[in-house]
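The values are calculated or read from the model by the stated rules, or taken from the named source; none is laboratory data. Everything numeric here is computed off the predicted structure, so don't read it as measured data. A quick note on method: Cβ atoms are made from the backbone with ideal geometry, for glycine too, and the neighbour counts reach across all protein chains shown.
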Amino acid sequence: MVQKVNSPRVEIHYCTQCRFILRANWLAQELLMTFENKIGELVLVPSTSGVFTVILDGIEIFSRKKETRFPESKELKKMIRDRLDPNMPLGHSDN
């Protein structure tokens, strides 16, 4: 039997036209390895128009269009950690 867990939910919206799927997949893997049991869901959401946005529980925490760049893995981990468990150590990512 599969247990349903909805929160916290991370969404990575990525542009299929721009082929951002590899970056989205890599960041998803980084987040799942870092936060293991702290993330309830992580979904990749295909989009268009150059979109690369990360949403945590319905709140946009990073937008490529607003920042004019992609998020660094370390940066994204800190943003999520600060919202989920501020006392959680991130190892070398904290430096």
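Has segment 32-51 got at least one residue that is in contact (Cβ under 8 Å) with a residue 60 or more places away in the chain and in contact with a strand residue (DSSP E or B) (Cβ under 7 Å, 6 or more places away or on another chain)? No, segment 32-51 contains no residue that is in contact (Cβ under 8 Å) with a residue 60 or more places away in the chain and in contact with a strand residue (DSSP E or B) (Cβ under 7 Å, 6 or more places away or on another chain). Does Arg81 count as part of a loop (DSSP other than H, G, I, E, B), of a type outside the set (Val, Ile, Thr) and either over 14 Å from Val10 (Cβ atoms) or out of contact with any His (no Cβ under 7 Å at 6 or more places or on another chain) (or both)? For Arg81, the condition - part of a loop (DSSP other than H, G, I, E, B), of a type outside the set (Val, Ile, Thr) and either over 14 Å from Val10 (Cβ atoms) or out of contact with any His (no Cβ under 7 Å at 6 or more places or on another chain) (or both) - is not met. Per this entry, Pro71 is not counted among residues that are at pLDDT 95 or above and over 12 Å from the mean Cα position of the chain (by Cα).
Only one of (1) over 11 Å from Ile12 (Cβ atoms); (2) of a type in the set (Val, Ile, Thr); (3) in contact (Cβ under 8 Å) with a residue 12 or more places away in the chain fails for Thr68. Which number is that? Only one criterion in (1) over 11 Å from Ile12 (Cβ atoms); (2) of a type in the set (Val, Ile, Thr); (3) in contact (Cβ under 8 Å) with a residue 12 or more places away in the chain is unmet by Thr68, namely (3). When the residues of segment 1-52 are filtered to those that are small (Gly, Ala, Ser) and modelled with pLDDT of 95 or more, the one that is surrounded by the fewest Cβ atoms within 10 Å (Cβ to Cβ) is Ser49.
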